[in-house]
1. Pull out all pairs, ordered by first then second residue, where Cβ-Cβ is under 8 Å, the residues are six or more apart or on different chains, the first lies in the stretch 290-308 and is under 23 Å from Tyr33 (Cβ atoms), and the second is of a type in the set (Ser, Thr, Tyr) and surrounded by 19 or more Cβ atoms within 10 Å (Cβ to Cβ).
2. Might you check whether a residue that is assigned to a helix (DSSP H, G or I), touching a residue at least 12 places away in the same chain (Cβ under 8 Å), under 25 Å from Lys123 (Cα atoms) and not aliphatic (A, V, I, L, M) occurs anywhere in the stretch 71-91?
3. Please determine, by comparing only the residues of the stretch 170-184 that are closer than 15 Å to Gly251 by Cα and among the hydrophobic types (A, V, I, L, M, F, W, C), which one is surrounded by the fewest Cβ atoms within 10 Å (Cβ to Cβ).
4. Taking the options Ile214, Ile227, Ile203, Ile240, name whichever one is within 24 Å of Asn50 (Cα to Cα) and of a type in the set (A, V, I, L, M).
5. Anything in the stretch 46-104 that is among the aromatic types (Phe, Trp, Tyr), loosely packed, with under 14 Cβ neighbours inside 10 Å and touching a strand residue (DSSP E or B) at 6+ places or on another chain (Cβ under 9 Å)? List them, or say none.
6. Strands (runs of 3 or more DSSP E) wholly in the stretch 1-63 with at least 2 residues that are within 20 Å of Val110 (Cβ to Cβ) and among the hydroxyl-bearing types (Ser, Thr, Tyr) - which ones?
7. Looking at Lys171, Lys186 in this structure, which one is assigned to a helix (DSSP H, G or I), more than 15 Å from Leu134 (Cα to Cα) and of a type in the set (D, E, K, R)?
Amino acid sequence: MIHTVTLNPSLDKTAECASLEKGMLNRIEVVSYDIGGKGINVSKTVRALNGVSTAYTILGGAVGTTIKEVMESRYIPLFSSTVEENTRINLKLIDKKGHLTEFNEKGPKVEKKNVIEIMNALKANVKPMDVVVLSGSLPNGIADNAYEKMIVEMKKLGAYVILDASGEALKQGVKSIPTIIKPNKKELCDLCGVESLTNTECIEKAKELVRKGIVLVVVSLGKEGAIYATKDVVYQAMPIHVEIKSPVGAGDALVGGIAYGYDQKYTLEEIIKVSMAAATGAVTTNGTKPADSKSVKSLMKGVVLKKK
């Protein structure tokens, strides 16, 4: 069973325009809306792969009600804690060249009791060998060590924990040694306190994190694919060339594929292929819509792994 935690969910508005010029009138050509927040996007991917996950989140206002209704319509089980303020709306702008510009609201103020409600629900439902995904930004009012504390509690339950966060939330979370982390190159640089890293240096940093006890370190490299490092082997998965419609949510789809593969007891190589295929499929759809299971299975055949 997979459990996803999204403490700062959103309703995502993705707009496509011919070009984006600062200080000028920009005309939007295509608009799509979808429920979002990194953990919710992971649950969407798991559902698209015909897997099962329960989403745990914090919702408020009319936007929160909309998210709840959409989750129910997609048959994604949901536990939500309630706040008074509206759940945030995030704007994603994509021009014809595929350049993405994001405007993310800070989100409503969340109280400690909301996180406690999420934690208690997890404790009541998570079983040994379940997969728990902690992902996304922390909401206004919640301390940077929230994920760190959650990881400790989930490990006590015997769960595999995937952490996909950035900044201080990632730095604090890594202290509790999650099973898997998935930083992108910039997030890995921030975690290691350096300005930049080559791909070779990313591999060395990933190995260092594995030596500290993390089972799998995945570093997403965008157009260069991703690095998957364990104590026994390091792979670079090469990208599959497809027509890109929207880069939004590709990283979350990657995490969704990892969670699904872990839950299905896939081999490492199978986990890499399904996660890379899910990420690739996500960029061929509009907005943050995940690719369907049939498309992902087809794309898996094109994933090339190189041992490093």
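The values are calculated or read from the model by the stated rules, or taken from the named source; none is laboratory data. Since this is a predicted model, take the numbers as computed values, not measurements. With ideal geometry, Cβ positions are generated from the backbone for all residues, glycine too; neighbour counts draw on all protein chains shown.
1. From residues that are under 23 Å from Tyr33 (Cβ atoms), the pairs are Pro290/Thr45; Ala291/Thr280; Ala291/Thr285.
2. Within the stretch 71-91 (the criterion being assigned to a helix (DSSP H, G or I), touching a residue at least 12 places away in the same chain (Cβ under 8 Å), under 25 Å from Lys123 (Cα atoms) and not aliphatic (A, V, I, L, M)), the answer is no, since none of the residues qualifies.
3. Filtering first and then ranking leaves Ile180.
4. Ile240
5. Phe103
6. In the stretch 1-63, the matching strands (runs of 3 or more DSSP E) lie at 2-6, 53-60.
7. The match here is Lys186.
Residues are listed down the side, and each one gets a yes or a no for (1) free of Cβ contacts under 8 Å to residues at least 60 places away in the same chain; (2) among the hydrophobic types (A, V, I, L, M, F, W, C):
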| site | (1), (2) |
| --- | --- |
| Lys182 | no, no |
| Lys186 | yes, no |
| Leu197 | yes, yes |
| Val217 | yes, yes |
| Tyr235 | no, no |
| Val242 | yes, yes |
| Lys245 | yes, no |
| Val248 | no, yes |
| Leu254 | no, yes |
